[in-house]
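Visitor: Attaching a single structure in structure tokens format; questions to follow.
The values are calculated or read from the model by the stated rules, or taken from the named source; none is laboratory data. Everything numeric in this text was worked out from a predicted model, so none of it was measured. A quick note on method: Cβ atoms are made from the backbone with ideal geometry, for glycine too, and the neighbour counts reach across all protein chains shown. The area values use the complete protein model at the heavy-atom level, side chains included, leaving out ligands, DNA and RNA. Shrake-Rupley method; radii C 1.70, N 1.55, O 1.52, S 1.80 Å.
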Amino acid sequence: MTDIPADHPRHDSLVTRHRIEEGVEKGITSRQGLIAQGRGEAFDYLLGERTIESADAAARAAAAHLLSARHPVLSVNGNVAALCPGEVVDLAEAVGADLEVNLFGRTDERVRAIADHLRAHGASEVKGLTADARIPDLSHERAKVDADGIYDADVVVVPLEDGDRAEALGAMGTVEIVIDLNPLSRSAQVATVPIIDNVVRAIPNIARHARDLRESGANLEAIKRGFDPEAALADAERAIRSPTDGSGRSPDGARD
């Protein structure tokens, strides 16, 4: 990776771009993932590359759902594996969740590469290779899931998710926690908990909230009931349409 000065105004964005590039080189991320990264980056730029208040509240609600779940699962695709593998493993440990690889451009080689990558970052077990169940009404490869993983889960974290699978999981009665920088995406619109934030911020933020909630003995059911997904989506859309950094100033206009 090219050395990027810490004081570069686009430092974090450039680092994530390089992580995706490395993911492609390692066979973890698809080339289409590069395009998806750029699309998300545009929304994050308008958000001021920060976690807005409603996204933080959504992360807290997500933590409450995960802690009270019967069987929580974190779904991992190529971009997530490239961007925040250690953070995903840490979240799984914080809430007692399974990790499962799920890909649109699925090959056994890519699934194994991502599973190995997650193990290299501390995961003890990674699901997704068995693929002995299917999500109903999906004709593509993302329908393939493990029977004792996503198929059996009552709560699934689906970062950077395809809208059609998000809809299909919802039809199964699964509680979906979606991480997506576009509040207008189908995934965010159908989510029980839409977190409109960058995955590299959202994943560790959920883990932080989970540990805080467990230590404080907070009322998880009250937190879940108190979260309003439509209000969170509306707030994120307002933030994107009228971007500021929280002090009334527009985000930094520097370009790489």
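Visitor: Just to make sure I understand: if all protein chains stay in place, what is the order of Phe227, Phe104, Phe43 by accessible area at 1.4 Å, largest first?
Guide: The ordering from most to least exposed comes out as Phe104, Phe43, Phe227.
Visitor: So what's Rg/Rh here for the stretch 164-210, counting alpha carbon atoms and using the Kirkwood radius for Rh?
Guide: 1.00
Visitor: Something else now. Carbon-plus-sulfur fraction of the accessible area of the stretch 32-142, 1.4 Å probe, in percent?
Guide: 49 percent
Visitor: According to the square roots a ≥ b ≥ c of the eigenvalues of the Cα gyration tensor, what is the shape class of the stretch 89-226, taking rounded for a/c under 1.5, prolate for a/b larger than b/c otherwise, and oblate for the remainder?
Guide: Oblate is the answer for the stretch 89-226, as a/c is 1.5 or above yet b/c matches or exceeds a/b.
Visitor: Can you give the FRET efficiency for Asp116 and Arg211, using 1/(1 + (r/R0)^6), R0 = 22 Å, r = Cβ-Cβ distance, to the nearest 0.05?
Guide: 0.20
Visitor: Between the stretch 40-54 and the stretch 71-117, how far is it from one alpha carbon centroid to the other, in angstrom?
Guide: Between the Cα centres of the stretch 40-54 and the stretch 71-117 lies a distance of 23 Å.
Visitor: I've got another one for you. In Å², what does the accessible area per residue of the stretch 106-256 work out to with a 1.4 Å probe?
Guide: With all protein chains present, the stretch 106-256 gives 47 Å² per residue.
Visitor: Using a Cα-Cα cut-off of under 20 Å, which aspartates and glutamates could be cross-linked to Lys26, ignoring same-chain neighbours fewer than 8 residues away?
Guide: Asp3, Glu87, Glu100, Asp108, Glu109, Asp116
Visitor: Could you pull the accessible area for Thr174 with a 1.4 Å probe, rounded to 10 Å²?
Guide: 10 Å²
Visitor: A follow-up question, please. Averaging sequence separations of C-alpha pairs under 8 Å and six or more residues apart, then dividing by the length of the stretch 54-202, give the relative contact order as a whole percent.
Guide: Computed value for the stretch 54-202: 24 percent relative contact order.
Visitor: Can you list the lysines whose alpha carbon is less than 19 Å from that of Lys127, not counting same-chain residues fewer than 8 positions off?
Guide: Within the straight-line limit of under 19 Å, Lys127 reaches these lysines: Lys144.
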